[in-house]
Protein chains: 2
Amino acid sequence: MVQYSKKIQAVPEPTIRRMPSYLAFAEGLLRKGQQFVSSTQIANYMNIDPTQVTKDLSYTTIVGKTRVGYEVKAIVDVLSEFLGFSVMDNAFLVGAGSLGSALLHDSGLNHFGLKIEAAFDINPSTIGRKINDVEVFHIDQFRDLAQELNVIMGIITVPAENAQTVADLMVAWGIKAIWNFTPARIKVPDDIIVQNTTLYSNLAIIFNKLHQDKREE
Amino acid sequence: MVQYSKKIQAVPEPTIRRMPSYLAFAEGLLRKGQQFVSSTQIANYMNIDPTQVTKDLSYTTIVGKTRVGYEVKAIVDVLSEFLGFSVMDNAFLVGAGSLGSALLHDSGLNHFGLKIEAAFDINPSTIGRKINDVEVFHIDQFRDLAQELNVIMGIITVPAENAQTVADLMVAWGIKAIWNFTPARIKVPDDIIVQNTTLYSNLAIIFNKLHQDKREE
DNA sequence: AATCAATAAAGAAATTTTTCTTTAATAAAA
DNA sequence: TTTTATTAAAGAAAAATTTCTTTATTGATT
């Protein structure tokens, strides 16, 4: 009887997951000067069924032309807009270790609408330093800076055992969404959006397929 | 009529994806000395339905006891084994930039059965250096080293535009699985396992939920 | 100009995944 | 000792997602 996740979701999550790849592909074609692209081409690139592509794109305002395909520029424009990549959202990152640094260096996040305004840590040797032009502050300065900047997302890249503490802090100063890179699951109020991104799930999938192959041999 | 992905898969992929979290949770309980855990507890931690947990665990040899739950130690042992985390597989990493470094620093990969034996790059300033005890070689030394070491997985952390080149190289010296961290989709023979891990899909999901919230207000 | 082939789109069907329901077991409480 | 409440397990039902089928359109070919 209890609802574990409110799914008043018009667009299926698998669709949302595929869309950034469509976008990246279309951006590449645009650079190469290709004007139109068919669902077959996209599907071939993605290794999926062509009707999947048309279904996915049908959730947007993009319309294709029979015998021609979709306008590449339209895909780029509409999809960026649709995915929320064309407005810049501000984020704070907590945990300026190796993974945190990697995210700070990733220009793709900027390109896709996420600006990391500041980073936080408790390690004195990193505090005060700049990583790819983003300053690292002590975690205690968190609250004050959050007031100044319009930050809606918190990124957690601390060790798993500190994830909940950081999450609580983020919730306390009114963050709307949390991107959790630790394997730990965090408890937050219902209205806070949490996205868990854990590498080990991907590793498990690879191993599963590898062993499946072994079984078949 | 064409098969886009052979799914002779007994265990659903969503299940495989959740399992590493069950494992991590159980490991935590084990450290705390808890002997049994119920599906309700696990479900509560994961924010999912309890029957989902029992279904997932039913794919393994783990059996629970009514009114008691599952033995924590059994979950840890069986799940590690089941997910392929208890045998060490060797990997090469190509692209020792910030993301590559982050992976090299991640002890979790070691813990979950993946040993990165060597890293490769073309940047002269990183070649010869050691990142967390893993040596960085020039990409040309790839083939020779692959002969020596029993490496079955290749990890791609180069810029997207070089992904295909690296993938081709990996296929050429007989890698079985490729873990692709670039947004680019790579073309490889059917028998090679490819796992794409792209951050931007997660970003898209967060943005989608954020905007959905806005729509509801 | 007529035919052919490639394509988008819409809807139906199939498949997969999740959630619900029932049953049986058993620890804890009365 | 009996009752109650909690739990795993199995199967049914529901929901979500993917794939298949049909139709209509239109550029390219003959």
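The values are calculated or read from the model by the stated rules, or taken from the named source; none is laboratory data. Keep in mind that what you see is a predicted model, and the values were worked out from it rather than measured. Neighbour counts are summed over all protein chains in view; Cβ atoms, including those assigned to glycine, are modelled from backbone coordinates with ideal geometry. Accessible surface areas use protein heavy atoms only, side chains included; no ligands, DNA or RNA. Shrake-Rupley method; radii C 1.70, N 1.55, O 1.52, S 1.80 Å.
For the range A:158-174, check the following and say yes or no: at least one residue is open to solvent by less than 70 Å² (accessible area, probe 1.4 Å), more than 14 Å from every other protein chain (Cβ to nearest Cβ) and touching a His at 6+ places or on another chain (Cβ under 6 Å).
For the range A:158-174, residues open to solvent by less than 70 Å² (accessible area, probe 1.4 Å), more than 14 Å from every other protein chain (Cβ to nearest Cβ) and touching a His at 6+ places or on another chain (Cβ under 6 Å): absent.
If I filter the range A:18-37 for residues that are within 16 Å of DNA strand C (Cβ to nearest atom) and open to solvent by 80 Å² or more (accessible area, probe 1.4 Å), do I get at least one hit?
yes
Hey, A:Ile116 hits all of (1) within 25 Å of B:Ser21 (Cα to Cα); (2) open to solvent by 10 Å² or more (accessible area, probe 1.4 Å) but one; which does it fall short on?
For A:Ile116, the exception is condition (1).
Going through the range B:119-142 one residue at a time, which ones are of a type in the set (D, E, K, R) and open to solvent by 60 Å² or more (accessible area, probe 1.4 Å)? Break it down stepwise before answering.
Within the range B:119-142, the subset of a type in the set (D, E, K, R) is B:121, B:129-130, B:133, B:135, B:140.
Across the range B:119-142, the qualifying residues are B:Arg129, B:Lys130, B:Asp133, B:Glu135, B:Asp140.
Being closer than 21 Å to B:Ser107 by Cβ and within 7 Å of chain B (Cβ to nearest Cβ) is the filter here; which residues of the range A:101-123 pass it? Step through it out loud before you land on a result.
Just the residues of the range A:101-123 that are closer than 21 Å to B:Ser107 by Cβ, to begin with: A:101-105, A:121-123.
If the condition is that a residue be closer than 21 Å to B:Ser107 by Cβ and within 7 Å of chain B (Cβ to nearest Cβ), then A:Ser101, A:Ala102, A:His105 are the ones that fit.
Restricting to the range A:145-186, count the residues that are of a type in the set (Val, Ile, Thr) and in a helix (DSSP H, G or I). Step through it out loud before you land on a result.
First, pick out the residues of the range A:145-186 that are of a type in the set (Val, Ile, Thr): A:151-152, A:155-158, A:165-166, A:171, A:175, A:178, A:182, A:186.
If we keep only those that are in a helix (DSSP H, G or I) too, we end up with A:165-166, A:171.
Final tally of qualifying residues: 3.
Taking only the range B:167-200 into account, find how many residues are within 30 Å of A:Ile155 (Cα to Cα) and in contact (Cβ under 8 Å) with a residue 40 or more places away in the chain.
2
Keeping to the range A:185-199, report how many residues are more than 15 Å from A:Ala172 (Cβ to Cβ), over 16 Å from the mean Cα position of the chain (by Cα) and more than 7 Å from chain B (Cβ to nearest Cβ). Please lay out each step first, then the result.
Within the range A:185-199, the first condition is being more than 15 Å from A:Ala172 (Cβ to Cβ), and the residues that meet it are A:185, A:190, A:193-199.
Narrowing the set further to residues that are over 16 Å from the mean Cα position of the chain (by Cα) leaves A:185, A:190.
Add one more test, that the residue is more than 7 Å from chain B (Cβ to nearest Cβ), and what stays is A:190.
Selection size over the range A:185-199: 1.
Each row is one residue, and each column tells you yes or no for (1) within 7 Å of DNA strand C (Cβ to nearest atom); (2) away from chain B (no Cβ under 14 Å).
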| site | (1), (2) |
| --- | --- |
| A:Ser39 | yes, no |
| A:Tyr45 | no, no |
| A:Thr51 | yes, no |
| A:Leu57 | yes, yes |
| A:Asp77 | no, yes |
| A:Ser80 | no, no |
| A:Leu99 | no, no |
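Give the residue that is surrounded by the fewest Cβ atoms within 10 Å (Cβ to Cβ), with candidates limited to residues of the range A:51-71 that are of a type in the set (D, E, K, R) and within 11 Å of DNA strand D (Cβ to nearest atom). I'd like the intermediate steps shown before the answer.
Narrowing the range A:51-71 to residues of a type in the set (D, E, K, R): A:55-56, A:65, A:67, A:71.
With within 11 Å of DNA strand D (Cβ to nearest atom) added as a condition, the list becomes A:55-56, A:65, A:67.
Numbers: A:Lys55: 13, A:Asp56: 24, A:Lys65: 10, A:Arg67: 6.
Only one residue fits best here, namely A:Arg67.
Of everything in the range A:38-47, what is surrounded by fewer than 18 Cβ atoms within 10 Å (Cβ to Cβ) and of a type outside the set (Gly, Ala, Ser)? Give them in sequence order.
A:Thr40, A:Gln41, A:Asn44, A:Asn47
Please find, among A:Asp77, A:Asp89, the residue that is open to solvent by 30 Å² or more (accessible area, probe 1.4 Å) and under 30 Å from A:Lys32 (Cβ atoms).
Working: A:Asp89 fails: open to solvent by 30 Å² or more (accessible area, probe 1.4 Å).
A:Asp77 is the lone residue from the list that is open to solvent by 30 Å² or more (accessible area, probe 1.4 Å) and under 30 Å from A:Lys32 (Cβ atoms).
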